[in-house]
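The values are calculated or read from the model by the stated rules, or taken from the named source; none is laboratory data. Because the structure is a prediction, the values reported are computed rather than measured. Positions of Cβ are backbone-derived with ideal geometry, glycine not excepted, and every protein chain shown enters the neighbour counts.
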Amino acid sequence: MLTETNVLIRVDALDAGATKLVGSGEERPCFLAVNRKRSRGKQLNLELSSVASKPLITPLSVPCFERHRPRESGDGVSYFSVSQQGTRRENLEDVCYADKANGYYSVFDGHGGSRAAEYASRKLHEKIVLDRKSMREAFLETDSDFAKCEEFCSHGSSSCGTTALCVHISGKKLTVAHVGDSRALLVTPTRLETLTTDHIATTATEAERIQRAGGYVLNKRVSGCVAVSRAIGDIRYKQFIVAEPEIVNLEVDEENSFLVLGTDGLWGVVSDTEIRRKLVEAKGDLRLASRSLADLTHKRNGRDDSSVVVVDLDATRES
């Protein structure tokens, strides 16, 4: 007489008979183990190498959200920006912020929500342009202020963060500061130069810094969770994900020069040479150039948020 029956279904990646899973193009093995406890204390173990009668597992579907209209700003002559939502995001987490009168342009790629990106976009402009603080001081203070802000902390923002890329232009001089993997590209008749370095967990120098601080990199992410190694926010991982900006100062005196800022949603699918070609084809119409880049990005990878800011350095110097 049986006193108890337990049935366990287990899916492994072992080499054995396989059954096809719903929604999957690959064959993976399934095992059915039946353990019966008898009154004599003996145990019967059965393993069936293949169960092909019907699917055992149906994977969860990936949500696909409605794509909202892109956010645009700028006059199309001195600068223009476009931010568009990816289909895997419920809300747009990118933010573009520009102050044409003071030669200030920036882009932010939020993660864990848009709160950090929205907060940093306002505060960095305030500290750099209005308070005239140095880029480094502005970044570190903004990060510290965000951590102390009860409004955001009460919303569970300990896992909310953002990349930050800010450019301040004064005549021929450019100051570029950033944390994270958003990039700045300088396009002139004689050069095509990336002005930033991606701060990601897989970079050797960043991985070493994280390990020295007592952290680790797992699955190409800090603590197995965050892809970028520098950001504003990410309070839970602040010991490892720092807000120390990388700063570049340079002069640009060539005519027909442009500066392109973008989040990884752009750079992951569009090459530098393609960006130059779009600028040439637009013939100075920054609205057309920005929209063309946004459309190209969406066609190639519509799942991720993407933002682009195109600045005409000639027009900026003249204003």
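The residues of the stretch 279-291 that are buried (at least 21 other Cβ atoms within 10 Å of the Cβ) and touching a helix residue (DSSP H, G or I) at 6+ places or on another chain (Cβ under 6 Å), listed by number, are L279, A289. Within the stretch 77-104, if we keep just the residues that are under 16 Å from F258 (Cβ atoms) and of a type in the set (G, A, S), the residue that is surrounded by the fewest Cβ atoms within 10 Å (Cβ to Cβ) turns out to be S78.
Condition check ((1) in the same structural domain as L165 (by TED's automatic domain parsing); (2) within 20 Å of Y97 (Cα to Cα); (3) in contact with a Leu (Cβ under 7 Å, 6 or more places away or on another chain)) across all residues:
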| position | (1), (2), (3) |
| --- | --- |
| I247 | yes, yes, no |
| V270 | yes, no, yes |
| L279 | yes, no, no |
| K283 | yes, no, no |
| R287 | yes, yes, no |
| V308 | yes, yes, yes |
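Can you name the residue in the stretch 308-319 that is in a helix (DSSP H, G or I) and hydrophobic (A, V, I, L, M, F, W, C) and, of all such residues, is modelled with the highest pLDDT? Only one residue tops the list, namely L313.
Conditions tested, residue by residue: (1) under 23 Å from the mean Cα position of the chain (by Cα); (2) modelled with pLDDT of 95 or more; (3) closer than 30 Å to C160 by Cα.
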position	(1), (2), (3)
V222	yes, yes, yes
R230	yes, yes, yes
P245	yes, yes, yes
N249	no, yes, yes
F258	no, yes, no
L266	yes, yes, yes
S290	yes, yes, yes
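Taking the stretch 281-319 as the range and being of a type in the set (S, T, Y) and closer than 18 Å to I169 by Cα as the test, the residues that pass are T316, S319. Scanning the stretch 173-209 for residues being more than 21 Å from the chain's Cα centre (by Cα) and on the phi > 0 side of the Ramachandran plot gives a total of 0. Only residues that are surrounded by 19 or more Cβ atoms within 10 Å (Cβ to Cβ) and touching a helix residue (DSSP H, G or I) at 6+ places or on another chain (Cβ under 8 Å) were counted in the stretch 105-137, giving 15. For Y97, state whether it is farther than 21 Å from D285 by Cβ, at pLDDT 90 or above and part of a strand (DSSP E or B). For Y97, the condition - farther than 21 Å from D285 by Cβ, at pLDDT 90 or above and part of a strand (DSSP E or B) - is met. Of the helices (runs of 4 or more DSSP H) contained entirely in the stretch 208-307, those carrying at least 3 residues that are in contact with an Asp or Glu (Cβ under 9 Å, 6 or more places away or on another chain) fall at 264-267, 286-300. In the condition set (1) at pLDDT 95 or above; (2) buried (at least 19 other Cβ atoms within 10 Å of the Cβ), C160 is compliant with all but (1).
Quick grid of which residues meet (1) without any contact (Cβ under 8 Å) to a residue 60 or more places away in the chain; (2) under 29 Å from V252 (Cα atoms); (3) assigned by TED's automatic domain parsing to the domain that holds L259:
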| site | (1), (2), (3) |
| --- | --- |
| L130 | yes, yes, yes |
| R136 | no, yes, yes |
| C149 | yes, no, yes |
| L174 | no, yes, yes |
| A177 | no, yes, yes |
| T196 | yes, yes, yes |
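Of all the criteria given as (1) within 25 Å of F146 (Cβ to Cβ); (2) out of contact with any helix residue (DSSP H, G or I) (no Cβ under 6 Å at 6 or more places or on another chain); (3) free of Cβ contacts under 8 Å to residues at least 24 places away in the same chain, the one not satisfied by K238 is (3). Screening T297 with (1) crowded, with 17+ Cβ neighbours inside 10 Å; (2) modelled with pLDDT of 95 or more; (3) among the polar types (S, T, N, Q); (4) over 30 Å from A147 (Cβ atoms) gives one miss only, at (2). Candidates F152, F146, F139: the one that is at pLDDT 95 or above and among the aromatic types (F, W, Y) is F139.
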